[in-house]
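K.L.:
To start, I am sharing the structure in question, which I have written as structure tokens.
The values are calculated or read from the model by the stated rules, or taken from the named source; none is laboratory data. Note that the structure is a prediction, hence the values are computed from the model and not measured. Glycine gets a Cβ as well: all are built from the backbone with ideal geometry, and neighbour counts include every protein chain shown. These area figures cover heavy atoms from the full protein model, side chains too; ligands, DNA and RNA do not enter into them. Shrake-Rupley method; radii C 1.70, N 1.55, O 1.52, S 1.80 Å.
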Amino acid sequence: MAGNNECPTVEGRLIYYYIVLHRRILLSTGPIDAVPVPAGTAVGDVYGPLVPEGGSCVDVTDLNPPPSPDEVFRYFQTLPLPQLTTRQQPPGEALVGLPVIFFTDSPTTQLFTVDIRGFTVDIAATASTYSWDTGDGVVLTTDDPGAPYPNETITHDYSSGTYTASLTTTWSATYSVDGGVQADVPGTTTTQGAPATFTVLQARTVLTNPYD
């Protein structure tokens, strides 16, 4: 309740001023004192004025503890993490015998600030594992996002055909509460990027001038 009462400020603690009041309830045995009961009052209804019993500063810190790691993890699973885009080289059509290069140029770190029961929680998410489904039954698992030519680190050889590749990203994170010490979020979550479809062609030599 609003008032002029001030409580001491203690770092790391929540201290509020509480006023205790009571009001009578009509019992099945009738009124408990001489206070008149208004007509129409049913058993279990309150009646009469609010009576103050006093007030005091109360430490309520333990009634609202900081978010637990598991609570932060539940929030982490609901964050709008990006769906990383699958890139491949050469773009469009590829050739048998020429490895296809995979990589993603989407952001691999994200920062979020969420409110959990009045606490400010900063969550730093990082893409930690990349699973590249090549579309021909092979899954390449890496800990880096790959790179385009000439610094390619993730490649795959194909036979001729049309393939659809996709990228599943596993995210881990750290968090801090109210600017405190960082800790690991006890779990990971995943996002699925949009697939990329491409054709691999078989190149054949053709004799165009038998006299050369």
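K.L.:
Suppose the Debye formula is applied to equal point scatterers at every Cα of region 134-212; what is log10 I(q)/I(0) at q = 0.11, 0.19 Å⁻¹?
P.N.:
Scattering profile of region 134-212, log10 relative to I(0): -0.54, -0.98.
K.L.:
Quick one: putting +1 on the C-beta of Lys and Arg, -1 on the C-beta of Asp and Glu, what dipole do you get for the chain around its Cα centre, in Debye to the nearest 20?
P.N.:
Working: 7 positive and 22 negative charges, 105 e Å.
Using Cβ point charges on Lys, Arg, Asp and Glu, the chain gives about 500 debye.
K.L.:
Semi-axes, largest first, in whole Å: what does sqrt of 5 times each Cα gyration tensor eigenvalue give for the chain? Let's see the in-between values first.
P.N.:
Working: eigenvalues 972, 90, 25 Å².
Ellipsoid half-lengths, sorted descending, are 70, 21, 11 Å.
K.L.:
Also, quick follow-up: Only Cα pairs within less than 10 Å get springs; with that Gaussian network setup on the chain, which residue of Pro99, Pro67, Pro150 has the largest fluctuation?
P.N.:
Evaluated over the chain, the most mobile residue of the options is Pro150.
K.L.:
Let me ask something else about it. What FRET efficiency comes out for Gln110 versus Asp62 if R0 is 35 angstrom and r is the Cβ-Cβ distance? Round to the nearest 0.05. Each step should come with its number before you reach the end.
P.N.:
Values: r = 33 Å, r/R0 = 0.94.
With R0 = 35 Å, the Cβ-Cβ based efficiency is 0.60.
K.L.:
Still on this model: Considering only Val96, Leu26, Val72, whose Cα is most displaced toward the positive end of the charge dipole of the chain, charges sitting on Cβ of Lys, Arg (+1) and Asp, Glu (-1)?
P.N.:
Leu26
K.L.:
Shifting gears a bit: Thr164 label point, 7 Å along Cα→Cβ, cut-off 12 Å on backbone N: hits in region 185-206?
P.N.:
Residues 194-198 fall inside that zone.
K.L.:
Round to the nearest 10 and report in Å² the accessible area of Ile101, as given by a 1.4 Å probe over the protein chains' heavy atoms.
P.N.:
Rounded to the nearest 10, that gives 20 Å².
K.L.:
Same structure, new question: Per 10 Å bin, what percent of the C-alpha pairs of region 1-117 does each bin hold, from zero upward?
P.N.:
All Cα pairs, binned at 10 Å, distribute as 9, 17, 14, 16, 14, 9, 7, 6, 5, 1 percent.
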